[in-house]
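A short worksheet on the structure shown next.
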């Protein structure tokens with residue numbers, strides 16, 4: 001183990017060290033036992049990422065200025081990164097356990113796909129930040145702390161982890177989560193302070209419970225110390241200003257009124273044909289009885305020999321006989337015509353029941 | 001036993017043969033009760049029992065279901081009997097030896113009429129031979145169909161090119177010195193165009209309810225065209241009229257009531273559609289058979305019960321120029337130039353000339369050109385028109401669009417295409433492809449009927465809309481049949497279908513990478529058919 005801090009300048013005599021040269025230099029120093037780095041970067045990518053100390057249990061420390069994209073990308077537990085000033089896109093991309101502090105703003109897609117560790121930002125983060133964060137239950141959930149606000153489309157497809165957007169210094173900003181936040185979010189929790197709007201319909205906005213408040217009390221303390229802003233603690237711990245966003249349970253659909261309800265409560269009373277037609281909007285089944293029959297049997301006594309064949313053959317038992325007079329029960333008869341067919345004397349005749357409504 | 005004469009209509013001449021299995025039948029009478037055409041009836045049949053000895057043979061009597069053989073009561077193959085039979089004992093089977101049309105003409109000295117759609121299937125649809133092949137792959141991001149915010153609205157109304165805008169500088173501010181032509185941003189699928197009378201009051205109201213619901217609950221600005229049979233006054237005077245496109249066709253039915261209601265209307269209609277012709281029977285006027293001219297239809301239309309034949313042409317119009325001068329001006333004037341006015345014609349080899357003429361409209365009053373292809377449906381038509389006249393929609397829509405493109409005037413008069421969309425199962429794909437070929441939007445009627453419960457198809461099943469005996473309660477005015485249709489289910493199904501289509505349209509816009517309607521994006525389309533590729537000017541692939 002070597003306790004000496006490795007200082008790296010990446011721009012010497014106007015010659016810039018490439019990303020490959022810098023990262024391979026860092027790796028070789030780590031293999032030599034160094035753990036602490038102070039890097040004056042010049043836009044190199046992936047600084048602090050996918051590295052681990054030579055000795056088990058040792059911590060890697062990076063202090064970086066002027067990094068390129070993907071600071072702390074694919075970084076592991078045991079890595080601590082501190083960026084003095086702002087960092088461009090993809091801070092903590094696929095972070096798997098590092099603590100990354102940016103003392104400034106972050107570009108787009110900060111904390112993108114992070115599944116572990118903590119990301120602390122003392123300023124604002126760009127569009128699509130927090131997108132696709134996830135939580136593997138075998139590890140601690142990722143945390144993403146932002147002092148100010150996010151750009152639009154934040155937390156798209158978020159699947160797990162915790163994000164905290166403190167909404168500090170956001171006067172004049174309509175939504176501290178930008179527009180169209182949380183689209184496709186299926187898991188995780190976002191704590192947010194200040195005004196926000198335009199979040200997707202797949203999430204619900206809740207008030208904090210005691211557990212949430214405890215988490216924030218402790219977490220904010222740690223976060224504000226990390227970004228050297230402890231003085232803000234009191235102003236950020238008025239929890240009436242905070243809300244929690246979580247996805248709706250899987251399968252929840254927005255409840256809309258049915259078309260039937262719409263017709264009965266909003267539509268023109270009595271229907272648009274109501275001044276011509278008194279329609280009760282009931283539906284005839286198939287086959288129907290009563291007025292729903294296409295044809296209706298009529299009985300004519302002239303030749304009736306009272307044989308009772310019609311009575312016995314009617315599938316609906318709809319034929320009635322009183323004093324040798326035959327009739328049909330309109331609530332039972334479906335107008336099938338079997339009475340007409342079986343009568344040896346042609347006493348039954350089917351008549352059309354086609355008529356207009358009035 | 002009755003003797004048979006050779007010229008008599010026989011079972012074997014009919015288009016459908018009812019297959020019946022007496023061993024499965026329980027004689028419950030449901031099939032005959034449900035058949036709106038009276039095409040089947042119970043009868044007692046005599047059956048001979050074989051003689052086992054010296055005695056004479058005896059006869060059994062058996063109650064069976066038999067098919068009617070008559071021009072008035074023949075089976076249309078609707079299949080209601082099969083639906084209600086508890087045992088699967090009965091079904092209608094297509095008769096390959098069908099001679100019905102010949103027999104009908106010979107017996108009645110009249111043309112054959114039918115409803116539904118054309119039943120001469122040619123060799124497949126053009127739209128089915130086109131795929132969406134220009135997919136965003138690293139060139140530009142594909143859009144997430146489920147989550148991206150898409151803008152599907154399309155303009156309905158005259159669009160002026162920038163140089164035609166009457167803008168001028170007033171104290172450093174741009175101001176218009178004259179009124180812009182009316183324009184509405186609407187959903188690109190227009191529904192309806194089916195008249196009161198052609199469809200039952202429940203079906204028509206179900207479409208109107210679905211339209212209102214889609215607008216007010218779903219936030220989808222879907223518009224419905226009334227068809228040529230007028231519009232109920234209650235709807236005219238309601239706020240929902242703003243979702244309705246009023247149609248005026250050659251019969252001018254229902255306009256008396258529209259005019260009478262004008263002083264009491266609180267909202268403008270969405271638009272006016274001048275119907276010159278329709279795709280299912282181009283060059284022929286509307287036809288509403290007397291059996292469907294119910295009392296309320298008589299009142300709204302101002303006619304007695306009779307076969308209502310609209311003239312094939314608007315009688316005051318003799319040329320395209322005159323149509324623009326007279327008809328467009330009058331219909332624009334009707335609502336004081338606040339409401340866009342469009343025109344619908346059947347697709348024809350002449351469509352491009354018409355469109356070119358309209359594009360020269362000097363008054364900026366032509367608000368849209370609707371083209372109806374030959375696969376469209378109809379409530380009633382002469383079979384000869386239905387089967388033998390018309391022009392497919394795809395190439396004609398494309399021709400019109402390209403004609404405008406060559407003048408740098410595409411989009412100035414929005415194009416809407418219809419006729420047989422969704423015939424092979426995917427309405428959204430058909431709509432999307434037509435939009436890529438240059439349509440601003442599409443319109444549909446037939447699809448709505450199917451969604452509501454129509455059981456007809458393109459191969460002759462049912463297609464009896466003209467008889468007024470619609471077994472589904474859709475194309476009828478009879479109480480007993482109309483009440484088979486559940487107005488709420490029909491409206492809900494239409495709503496659901498629009499929502500499903502909306503998802504599917506976005507599912508196609510996403511891969512192409514368009515946030516807005518890809519009007520004219522023919523680069524997105526490919527075909528393995530060289531002729532289609534040449535004709536439509538889209539990429540040939542293999």
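The values are calculated or read from the model by the stated rules, or taken from the named source; none is laboratory data. Since the model is a prediction, treat every value here as computed from it, not as a measurement. Ideal geometry is used to build each Cβ from the backbone, glycine not excepted, and the neighbour counts take in all protein chains shown.
Things worth noting here:
- Test: residue in region A:1-15 that is loosely packed, with under 14 Cβ neighbours inside 10 Å, in a helix (DSSP H, G or I) and free of Cβ contacts under 8 Å to residues at least 40 places away in the same chain: no
- Only listed residue being surrounded by 15 or more Cβ atoms within 10 Å (Cβ to Cβ) and out of contact with any helix residue (DSSP H, G or I) (no Cβ under 8 Å at 6 or more places or on another chain), chosen from A:347, A:304, A:336, A:310: A:304
- Some residue of region B:318-335 being part of a loop (DSSP other than H, G, I, E, B) and at pLDDT 95 or above: yes
- Selection within region B:21-36 - at the interface with chain A (Cβ under 9 Å from one of its Cβ atoms) and closer than 26 Å to residue B:100 by Cβ: B:31, B:32, B:33, B:34, B:35, B:36
- One residue stands out in region B:228-247 among those that are at pLDDT 95 or above and more than 13 Å from chain A (Cβ to nearest Cβ): the one that is farthest from residue B:273 (Cα to Cα), namely B:242.
- The sole residue among B:514, B:466 that is more than 19 Å from residue B:152 (Cβ to Cβ), outside the structural domain of residue B:71 (by TED's automatic domain parsing) and either in a helix (DSSP H, G or I) or more than 17 Å from the chain's Cα centre (by Cα) (or both) is B:466.
Condition check ((1) modelled with pLDDT under 95; (2) outside the structural domain of residue B:39 (by TED's automatic domain parsing); (3) under 19 Å from the mean Cα position of the chain (by Cα)) across all residues:
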site: B:440; (1), (2), (3): no, yes, yes
site: B:446; (1), (2), (3): yes, yes, yes
site: B:458; (1), (2), (3): yes, yes, yes
site: B:473; (1), (2), (3): no, yes, yes
site: B:495; (1), (2), (3): no, yes, yes
site: B:529; (1), (2), (3): no, yes, no
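- Residues in region B:78-97 that are away from chain A (no Cβ under 14 Å) and under 20 Å from residue B:14 (Cβ atoms): 7 in all.
- Of the numbered criteria (1) outside any helix (DSSP H, G or I); (2) in contact (Cβ under 8 Å) with a residue 12 or more places away in the chain; (3) surrounded by fewer than 20 Cβ atoms within 10 Å (Cβ to Cβ), the one residue B:425 fails is (2).
- Residue under evaluation residue A:226, criteria (1) loosely packed, with under 15 Cβ neighbours inside 10 Å; (2) away from chain B (no Cβ under 14 Å), criterion not met: (1)
- Residue B:213 passes every criterion in (1) in a helix (DSSP H, G or I); (2) modelled with pLDDT of 95 or more; (3) not assigned by TED's automatic domain parsing to the domain that holds residue B:507 apart from (3).
- Total residues in region B:183-215, condition away from chain A (no Cβ under 14 Å) and buried (at least 21 other Cβ atoms within 10 Å of the Cβ): 9
- Every test in (1) more than 14 Å from chain A (Cβ to nearest Cβ); (2) modelled with pLDDT of 95 or more; (3) crowded, with 18+ Cβ neighbours inside 10 Å is passed by residue B:118 save one, and that test is (2).
- Flag for residue A:317 being within 14 Å of another protein chain (Cβ to nearest Cβ) and either out of contact with any helix residue (DSSP H, G or I) (no Cβ under 8 Å at 6 or more places or on another chain) or closer than 23 Å to residue A:355 by Cβ (or both): yes
- Selected residue (criterion: farthest from residue A:344 (Cα to Cα)) from residues of region A:291-307 that are within 9 Å of chain B (Cβ to nearest Cβ) and in contact (Cβ under 8 Å) with a residue 24 or more places away in the chain: A:291
- For region A:180-196, filtered to residues that are on the phi < 0 side of the Ramachandran plot and within 14 Å of chain B (Cβ to nearest Cβ), the residue that is surrounded by the most Cβ atoms within 10 Å (Cβ to Cβ) is A:181.
- Filter result (touching a residue at least 12 places away in the same chain (Cβ under 8 Å), surrounded by fewer than 16 Cβ atoms within 10 Å (Cβ to Cβ) and out of contact with any strand residue (DSSP E or B) (no Cβ under 7 Å at 6 or more places or on another chain)) within region B:74-100: B:83, B:86, B:87, B:88, B:97, B:99
- Extreme residue, farthest from the other protein chains (Cβ to nearest Cβ), among residues of region B:284-324 that are in contact with a helix residue (DSSP H, G or I) (Cβ under 6 Å, 6 or more places away or on another chain) and surrounded by 15 or more Cβ atoms within 10 Å (Cβ to Cβ): B:320
- Selection of region B:18-49 for residues being part of a loop (DSSP other than H, G, I, E, B) and crowded, with 23+ Cβ neighbours inside 10 Å yields B:29, B:35, B:36, B:39.
- Exactly one residue among A:81, A:39 is within 37 Å of the chain's Cα centre (by Cα) and buried (at least 18 other Cβ atoms within 10 Å of the Cβ), and that residue is A:81.
- If the condition is being at the interface with chain B (Cβ under 7 Å from one of its Cβ atoms) and under 21 Å from residue A:184 (Cβ atoms), then region A:229-280 contributes only A:256.
- In the set (1) within 24 Å of residue B:199 (Cβ to Cβ); (2) within 14 Å of chain A (Cβ to nearest Cβ), the condition left unmet by residue B:281 is number (2).
- Residue-level analysis places residue B:519 outside the set of residues that are farther than 18 Å from residue B:218 by Cβ, within 14 Å of chain A (Cβ to nearest Cβ) and buried (at least 21 other Cβ atoms within 10 Å of the Cβ).
- Residues in region B:38-77 that are within 12 Å of chain A (Cβ to nearest Cβ) and either within 18 Å of residue B:10 (Cα to Cα) or under 33 Å from the mean Cα position of the chain (by Cα) (or both): B:38, B:39, B:40, B:41, B:43, B:65, B:66, B:68, B:72, B:73.
- Looking across region A:170-180, the residues that are at pLDDT below 95 and either closer than 22 Å to residue B:146 by Cβ or outside the structural domain of residue A:156 (by TED's automatic domain parsing) (or both) come down to A:179, A:180.
- Residue list for region B:216-227, restricted to those being assigned to a loop (DSSP other than H, G, I, E, B) and at the interface with chain A (Cβ under 10 Å from one of its Cβ atoms): B:217, B:218
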